[in-house]
C-alpha cells in the first residue's frame, strides 16, 4: 500500500493545484498527489486549504479522492447489496461510484444479485485493492485481556440464531443479544448501541440494548415521561399486555411496572384503570 496516501481511509490533504479534471491534493510532505474529481469540488475549496477525503482506487485502478464516504471503510464491517456478478466474483454497492469487489474465494456460499451480505472491507497487498470479505470470523478478536475494560459498545447485527442475535462489537469482537432481552425490532445490518453484561470465557460478550443496573431504571422512566409529554395520557398500566408494552415503550413488562411505581411514588404520574397520565 502507498506509504503516504492511506487507501480505504479518510486522509487530510492539502489542495495543491487546479486542473481541468479537478483539484490535485498532496500529503503534508508533498511526496504524493491525488486527484479530487470535479464532481466533488465546491466553491468553498481554495488552494492550500486542508480537506478530509476518502482515498480508494477507481475503475482503472488509479488512486483517487472523494468527499463521499462509503458505507464502511477499511477494517470496518457493513451490510452490502450485490448489484452485479462476474466470472471471478460479485460487486456490491458501498456508496461510491466504483462498486466493491467480492471474490468468489471469500464467499462462504455463492452470492446472489439483489441480496445483502455482511462483509469486512479488507485490503489485498498483492493487487493493492480493497475488497469485501464475508469470512468475518477471521477479523474478530477473542483476546479477553483486550476486552476487560469495555462497558458500552457500537454494535452491528450480523445474524439471527436460536438464542438471539449475533453482533459485532466495536468492529473487533463478537457478542450476543438474547431474544428474551430484546424489546424492539431487530434486523441484520442494524447498527445499535449496547451495554456489556458479561465477558464469557470464550472471548465473546453477552450484550444488552438496555443500560445495566440503576441506569436501566432511569432509561425506563425517561421513556415513559417522554411519551407522556407528547400524549399527556396513555391507556397503559400494570395490567397491560407485555407485547403492547414492548411495542410502544421498548421495555419489558417487568421494567415497565418498576418504572410506573417509581414515577407514581415520585408524584410524577397518576395510574388508574384507564391508564397513566402526568400529574
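Considering only DSSP beta bridges with both partners in region 140-208, what is the antiparallel share in %, to the nearest 5? Given both bridge residues lie in region 140-208, the antiparallel proportion sits at roughly 85 percent.
Peptides 165-174, 40-49 ranked from most to least packed, by the mean per-residue count of other Cβ atoms within 10 Å: 165-174, 40-49. Entry note: region 1-146 has Rg to Rh equal to 1.02, where both radii use alpha-carbon atoms and Rh is the Kirkwood radius. Put simply, when 247-260, 93-106, 179-192 are sorted by average Cβ atoms within 10 angstrom per residue, most first, you get 247-260, 93-106, 179-192. Helix 253-265 axis versus longest C-alpha principal axis of the chain: approximately 60°, rounded to the nearest ten.
Quick one: helix 214-231 against the long Cα principal axis of the chain, what's the angle to the nearest 10°, folded into 0 to 90? Helix 214-231 and the main axis of the chain meet at about 80 degrees.
Do the sum for the chain: with -39,500 (n - 2.57) for every DSSP H run of n ≥ 4, divided by all residues, what is the mean residue ellipticity at 222 nm, to the nearest 500 deg cm²/dmol? Result for the chain, helices only: -4500 deg cm²/dmol. Summary value for the chain: 10 percent relative contact order, contacts being C-alpha pairs under 8 angstrom separated by 6+ residues. Compactness of region 140-208 was expressed as the Cα radius of gyration divided by 2.2 N^0.38 Å, which yields 1.00. Take every Cα-Cα distance within the chain, group them into 5 Å bins from 0 onward, and report for each bin the whole-number percent of pairs it holds. Computed distribution, short to long bins: 1, 5, 10, 12, 11, 10, 11, 10, 9, 8, 6, 4, 2, 1, 0.
Values quoted throughout were computed directly from the atomic coordinates according to the rules given, and no laboratory measurement underlies them. Since we're looking at a predicted model, the values are computed, not measured. Note that we place each Cβ from the backbone using ideal geometry, even for glycine, and neighbour counts take in every protein chain shown.
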